[in-house]
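The values are calculated or read from the model by the stated rules, or taken from the named source; none is laboratory data. The structure presented is a predicted model; accordingly, all values stated were derived computationally and were not measured. Every residue, glycine as well, gets a Cβ built from its backbone with ideal geometry; the counts of neighbours run over all protein chains shown.
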Amino acid sequence: KLTHSIQQSGKLNLFSSDTIVLFQGDFFDLNKEQTASFDAIYDRGSIVALDQPERKRYVNHLMSFLEPGGRILLITLEYDQNQMTGPPFSVPADEIEWLYAPYGVLELLETSDILDERFRKKGLDGMLERVFQFIKH
């Protein structure tokens, strides 16, 4: 069992132990005074949860926490948004390039067709999952 403490940090809940710190709350409420920079980030559902107007703000905020040379493993979904509106939202590869390229090097690692029955029932006839690696300048 992991022994931890819970406290408030601004608008966020802070769960901490000897080896790990977790913030719970709105990511946009996290600021540089609350945490050190990160050398690695795993985004497996954040960017696809945001509608298009919020994504640039999200990436700008994310980059403020990532150290130079830091990496992001990013997983996105791409589908015909006329068939389903989301969330999860479709975030095309060219939009990911537009959002991340100013900050560093983006590499597409994998593309898989992941359409399953749950999304077929919502009217989709195709869904791609893309895995990217990003390295900050």
Checklist entry - Can you name the residue in region 7-22 that is surrounded by fewer than 10 Cβ atoms within 10 Å (Cβ to Cβ) and of a type in the set (Val, Ile, Thr) and, of all such residues, is nearest to Ser37 (Cα to Cα)? => result Ile20
Checklist entry - Can you tell me which residues in region 41-91 are surrounded by 13 or more Cβ atoms within 10 Å (Cβ to Cβ) and in a strand (DSSP E or B)? => result Ile41, Asp43, Leu66, Gly70, Arg71, Ile72, Leu73, Leu74, Ile75, Thr76, Leu77, Glu78
Next on the checklist: Regarding region 92-99, can at least one residue be identified that is under 26 Å from Arg118 (Cβ atoms), touching a Phe, Trp or Tyr at 6+ places or on another chain (Cβ under 7 Å) and not assigned by TED's automatic domain parsing to the domain that holds Phe27?
Outcome noted: yes
Next on the checklist: Report every pair of residues separated by at least 6 positions or lying on different chains whose Cβ atoms are under 9 Å apart, first residue within region 126-137 and part of a loop (DSSP other than H, G, I, E, B), second hydrophobic (A, V, I, L, M, F, W, C) and modelled with pLDDT under 95.
Outcome noted: Met127/Met84; Met127/Phe119
Checklist outcome for this item: Within region 62-92, the count of residues that are within 11 Å of the chain's Cα centre (by Cα) and either free of Cβ contacts under 8 Å to residues at least 40 places away in the same chain or at positive phi (or both) comes to 1
Checklist entry - Which one of the conditions (1) touching a helix residue (DSSP H, G or I) at 6+ places or on another chain (Cβ under 8 Å); (2) surrounded by 12 or more Cβ atoms within 10 Å (Cβ to Cβ) does His137 fail to meet, given that it meets all the rest? => result (2)
